[in-house]
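Derivation of every value follows stated rules applied to the coordinates shown; laboratory data play no part. Predicted model, so just to flag it, every value in this text is computed and none were measured. Virtual Cβ from ideal backbone geometry, glycine too; neighbours counted across all protein chains shown.
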Amino acid sequence: MDTPRYALLSGAYVTALCQDVDGLYGEPAPQPRVVHELRGCEPRGTLARAVTEAVVEGTAPLGTLRVRTPDGHTWSFTAVRVLGARGDVVTVESDGGPRRWYAAAADASAADDTASDDAVSCGNLVRVPPPEPEENAHNAHNAHTEVTFLGCSPRGALRDALAAGGEGFDAVRYQVLDRVGNALHEAEAGRVTSWDASARHRGLLDLTVAFPRTGLIPPPRREIWDLFSGHGGQGGHGGQGGRGWHDGPAEPGTWRRFTGGDRAEWLRQAARRRSRAPQVVPGATYHLDGRGLVDEDAYACALGEAVLGPGHRLVDQDLSGTTLVWHHADIARACLGVLPLADRRPPTFQELVDGLRGEGVRVVLD
């Protein structure tokens, strides 16, 4: 069996190793919106204005909302829409559940518990359960799609179930593997619904699962994983020829092909390669290609590449004593720190330059 690209897991145990997959990569269905009641709440600022608009119009967009609860925790909601208000209860809809907002903790303890952030104080957050679907079978069908893991070698409980002639198997998770078996990604896969002899992988099985449509992976993500895993050299989708798994992306600027969440995934995979990054050379001069540096992720990609080479990201390397020549700096000066971001204001160009100089880097703007 060739190096597997995927693993299926049940609990803590691997139940199959697989060569490839069909149907996993596609545009995911949007995640369902989540509704919360903010109880014991005193709306102010933008929330108060949105509540007023919702009373008149029925609903009102808000954006990011931070809520502080009596336990001192601050919670951040994104893509918020106010659905209504009744007494001291405000009902909001958001993308996913709230996330802890740690940046407010230092502020809240700084001056008589008066934080400099914009959090609204509320007594409690209560998630409102979604209504029961009217047509369960129809909705269940639409919520899932078939994904088939190809060329699988079952083991453990799954192998036993197949040998016993079972008609299905419990829900499993899947992992995307690099050439040495490390997981690049892990998520829920769903219940194994069928299996058959593999048409492309002799002596192995193809396993089909009822996969959640919301969990489908955008196609560019596969290209990123192939670039960093080395599977492209096996005739896969990465196209790196004979490069080894540890080499990573070879061409400068490859990260520019990816945007949004895909670029964030690039940075995550680049950070995983920290142990294989070259050493920063004291006194060296590095050249930062500033073309296209319009946001914080682009800056992180370009800076890591300038100092450490393609496919690397600066994590905690010491840059003191080096010189950084920032080419096309006017692009970053005009764009960085001015684009909206859901949870916080991104750093400006000058803040990034000041940060580098504060670390002992001589910055030359070109």
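Sorting 281, 294, 147 from the fewest to the most surrounding beta carbons within 10 angstrom yields 281, 294, 147.
The simple spin-label model puts a point 7 Å past each Cα toward its Cβ; for residue 193 and residue 271 those points are separated by 3.6 nm.
By the count of other C-beta atoms within 10 Å, a proxy for reagent exposure, 323, 91 are ordered fewest to most as 323, 91. Straightening the chain between residue 86 and residue 13 buys 21.4 nm, computed as 0.36 nm per residue apart minus the Cα-Cα spacing. GNM remark for the chain: springs join alpha carbons under 10 Å apart, and the peak mean-square fluctuation among 200, 273, 333 falls on 200. You can think of it this way: the chain between residue 287 and residue 202 has 25.5 nm of extra reach, that is 0.36 nm per residue less the Cα-Cα gap. Its convex hull of Cα atoms gives the stretch 249-365 a direction-averaged projected area, equal to a quarter of the hull surface, of 6.8 nm².
Values (1) 24.8, 70; (2) 22.2, 72; (3) 23.4, 76 are given for comparison; Rg and Dmax of the Cα atoms in Å, derived from the coordinates here, is the one labelled (1). Positive end of the charge dipole of the stretch 265-366 (Lys, Arg +1 and Asp, Glu -1 on Cβ, about the Cα centre): tell me which of 331, 278, 300 has its Cα farthest that way. Farthest towards the positive end: 278. Extension gain, residue 118 to residue 2: 0.36 nm times the residue separation minus the Cα-Cα distance gives 36.3 nm. For the chain, the mean residue ellipticity at 222 nm estimated from helices alone is -7000 deg cm²/dmol, where every DSSP H run of n ≥ 4 contributes -39500 (n - 2.57) and the total is divided by all residues, rounded to the nearest 500.
By the beta carbon rule, with partners counted only under 4.7 Å, the chain holds these lone Cys residues: 301, 335. Computed from the Cβ-Cβ distance with R0 of 22 Å, the FRET efficiency linking residue 99 to residue 44 stands at 0.55.
Working from Cα pairs under 8 Å separated by at least six residues, relative contact order for the chain is 14 percent. Would you work out which of 229, 9, 189 lies farthest towards the positive end of the dipole of the chain? Charges go on Cβ: Lys and Arg +1, Asp and Glu -1. With unit charges placed on the Cβ atoms, the residue in question is 229.
Model label sites at residue 251 and residue 143, defined 7 Å from Cα along the beta-carbon direction, differ in position by 4.2 nm. Computing FRET efficiency as 1/(1 + (r/R0)^6) for residue 34 and residue 364, where r is the C-beta to C-beta distance and R0 is 45 Å, gives about 0.40. The simple Förster model, with R0 at 45 Å and r as the Cβ-Cβ distance, assigns residue 126 and residue 323 a FRET efficiency of 0.25.
Sort 313, 202, 256, 68 by Cβ crowding within 10 Å, fewest neighbours at the top.
202, 256, 68, 313
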